[in-house]
Amino acid sequence: MRTTKNILRTFCLAAAAVAAPAYAGHGYDPGREILHPEDGWAASGSGVTGGSAAVATQVYTVTNRAELIAALNNGVASSSSPSNPSNEPKIIYVKGTIDANVDDANQPLRCEDYYTDGYTLDAFLATYDPAVWGDAAPSGALEDARLASRNRQQARVRIRPGSNTTIIGVGSNATFKGAWLDIRGSASAPRTNLIIRNITFRDTHDCFPEWDPTDGENGSWNALYDSISLRDTTNVWINHNTFEDRDTADSKLPRHFGVLYQVHDGLLDITNASDLVTVSWNRFRNHDKMMLIGSSDSAAADRGKLRVTLHHNVFDGIGQRAPRVRFGQVHLYNNYYDLRGTPNYQYSWGVGIESAIYAEENVFVAERNFAIDRILGRFNGTALSASGNLVVGPRVRNPVDLIGAYNAANDPDLGYDAGWVPVLNHQLIPAWAAGLAVPLLAGPVRW
């Protein structure tokens, strides 16, 4: 008879074979891999093939910002990322670390190097200190200079991929540092058919966050730039990446006007009628506001869109929005949430207006005294479906009724029916097995 240990070992080896394709040997090219036909919402409609049909002249290997921008524009060099990048099928292999905060000679740029029109942080703080300025929004020459300085940074860090594109890291250490992949179409011409895999997105940060003295009890610094943002974009597969703050982690940031000088926005935001997205086998860590699906309660164009699948992802040290959902039918399965040592934790699943979250077989690991009603946050939503979810650490009966726990501590109650049932459940496994396999296998892989 096989022991429990051997059963678990066999299972993990089998899961590894499923999660990490055989990248090495036999002439296999991961850059031409396409999404499995049952792998979440992105498999709907035309599916996702990315740049798999690229001809030889549209296959690039890039090692710096300039090469990346050129590759997205049919090989044509540009100092800034064009607003209308090429939609020709293309494969872009990323080697090493690409720093977005560099000049045209690939020399690093500090925040101070973007200062213009007399802006300095010290001057801004002295001018708009609430004790001096009051609680009105900043205005005048220094606020204009902040905006001009911000625009200088944005011209460097904003990278715009087009449709029919695969961007994939070579090996397990390919990195975008400080970059914002702004994947943006329009209502009449959406971007479509993109694959982003095997890359570490690190320290995307805004050197010039906006000060809003009326945001919250004490005011707030509000940053721009996500590591990846999808707007008017369909059929996207985001797989085996890591998203994290390291050099610019919140714990290393100062406080100005009595609140955290926040230089981060989201890690991966899906908004503006984007649709059919699968986010799988990624690591998200050490960040506060992680993922927004739907940007506004009044965005009527989002109805019937924002269909997203998140599966087999690790969320480690995430404060909130993992994800926060408006309007969309969002399937969450086999994700692993490590809530330990997260002092800024607020909630994981944000139930927003007209949202329809279907959550099954996920795992939460928390401290013994963690109150499980905190996992859900209600933001004008009314219901979700949740089953088979485990909470490890607190003394609870598993699988946990997360909706019941929320309702016992909050009013009004959330309903138990999201109104739909997912059918594209590629690699769905029991929660206990996900708790073993996902922390081991998520994130970039070596090939």
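The table for this structure:
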{"quantity": "Check on Arg191, basic (Lys, Arg) and either within 19 Å of Gly45 (Cβ to Cβ) or without any contact (Cβ under 8 Å) to a residue 24 or more places away in the chain (or both)", "calculated": "yes"}
{"quantity": "Qualifying residue in segment 187-194 (condition: aliphatic (A, V, I, L, M), part of a loop (DSSP other than H, G, I, E, B) and either farther than 29 Å from Asn84 by Cβ or in contact with a Phe, Trp or Tyr (Cβ under 8 Å, 6 or more places away or on another chain) (or both))", "calculated": "no"}
{"quantity": "Meets criteria (surrounded by fewer than 20 Cβ atoms within 10 Å (Cβ to Cβ), in contact with a Gly (Cβ under 6 Å, 6 or more places away or on another chain) and touching a residue at least 24 places away in the same chain (Cβ under 8 Å)) for Asn218", "calculated": "yes"}
{"quantity": "Total residues in segment 361-405, condition touching a residue at least 40 places away in the same chain (Cβ under 8 Å) and under 27 Å from Gly294 (Cβ atoms)", "calculated": "10"}
{"quantity": "Helices (runs of 4 or more DSSP H) lying entirely in segment 72-178 (those with 1 or more residues that are of a type in the set (S, T, N, Q) and modelled with pLDDT of 95 or more)", "calculated": "121-128, 141-157"}
{"quantity": "Exclusive hit being acidic (Asp, Glu) and in a strand (DSSP E or B), set Asp215, Asp182, Asp206, Asp226", "calculated": "Asp182"}
{"quantity": "Residue list for segment 422-433, restricted to those being of a type outside the set (S, T, N, Q) and surrounded by 12 or more Cβ atoms within 10 Å (Cβ to Cβ)", "calculated": "Pro422, Leu424, His426, Leu428, Ile429, Pro430, Ala431, Trp432, Ala433"}
{"quantity": "Flag for Asp122 being surrounded by fewer than 19 Cβ atoms within 10 Å (Cβ to Cβ) and either hydrophobic (A, V, I, L, M, F, W, C) or in contact (Cβ under 8 Å) with a residue 24 or more places away in the chain (or both)", "calculated": "no"}
{"quantity": "Criterion violated by Phe284 - all others in (1) of a type outside the set (Ser, Thr, Tyr); (2) surrounded by fewer than 24 Cβ atoms within 10 Å (Cβ to Cβ); (3) assigned to a strand (DSSP E or B) satisfied", "calculated": "(2)"}
{"quantity": "Selection status of Gly443, part of a loop (DSSP other than H, G, I, E, B), within 26 Å of Ser251 (Cα to Cα) and out of contact with any Gly (no Cβ under 8 Å at 6 or more places or on another chain)", "calculated": "yes"}
{"quantity": "Of all residues making up segment 236-270, the number that are within 16 Å of the chain's Cα centre (by Cα) and assigned to a strand (DSSP E or B)", "calculated": "10"}
{"quantity": "Exclusive hit being touching a residue at least 60 places away in the same chain (Cβ under 8 Å), hydrophobic (A, V, I, L, M, F, W, C) and part of a loop (DSSP other than H, G, I, E, B), set Ala322, Ala273", "calculated": "Ala273"}
{"quantity": "Residue satisfying condition, being among the polar types (S, T, N, Q) and touching a helix residue (DSSP H, G or I) at 6+ places or on another chain (Cβ under 9 Å), within set Ser46, Ser80", "calculated": "Ser80"}
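Every residue, every condition in (1) modelled with pLDDT of 95 or more; (2) within 30 Å of Asn425 (Cβ to Cβ); (3) part of a helix (DSSP H, G or I), yes or no:
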{"residue": "Leu8", "(1), (2), (3)": "no, yes, yes"}
{"residue": "Ala22", "(1), (2), (3)": "no, yes, no"}
{"residue": "Gly31", "(1), (2), (3)": "yes, yes, yes"}
{"residue": "Gly50", "(1), (2), (3)": "yes, yes, no"}
{"residue": "Ile69", "(1), (2), (3)": "yes, no, yes"}
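Residues checked against (1) in contact with an Asp or Glu (Cβ under 9 Å, 6 or more places away or on another chain); (2) surrounded by 19 or more Cβ atoms within 10 Å (Cβ to Cβ); (3) at pLDDT 95 or above; (4) within 13 Å of Leu384 (Cα to Cα):
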residue: Gly294; (1), (2), (3), (4): yes, yes, yes, no
residue: Asp297; (1), (2), (3), (4): yes, no, yes, no
residue: Gly304; (1), (2), (3), (4): yes, no, yes, no
residue: Thr309; (1), (2), (3), (4): yes, yes, yes, no
residue: Asp316; (1), (2), (3), (4): yes, yes, yes, no
residue: Arg321; (1), (2), (3), (4): yes, yes, yes, no
residue: Gly352; (1), (2), (3), (4): yes, yes, yes, yes
residue: Ser355; (1), (2), (3), (4): no, yes, yes, yes
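The values are calculated or read from the model by the stated rules, or taken from the named source; none is laboratory data. Since the model is a prediction, treat every value here as computed from it, not as a measurement. Cβ sites come from the backbone with ideal geometry, for glycine too, and all protein chains shown count toward neighbours.
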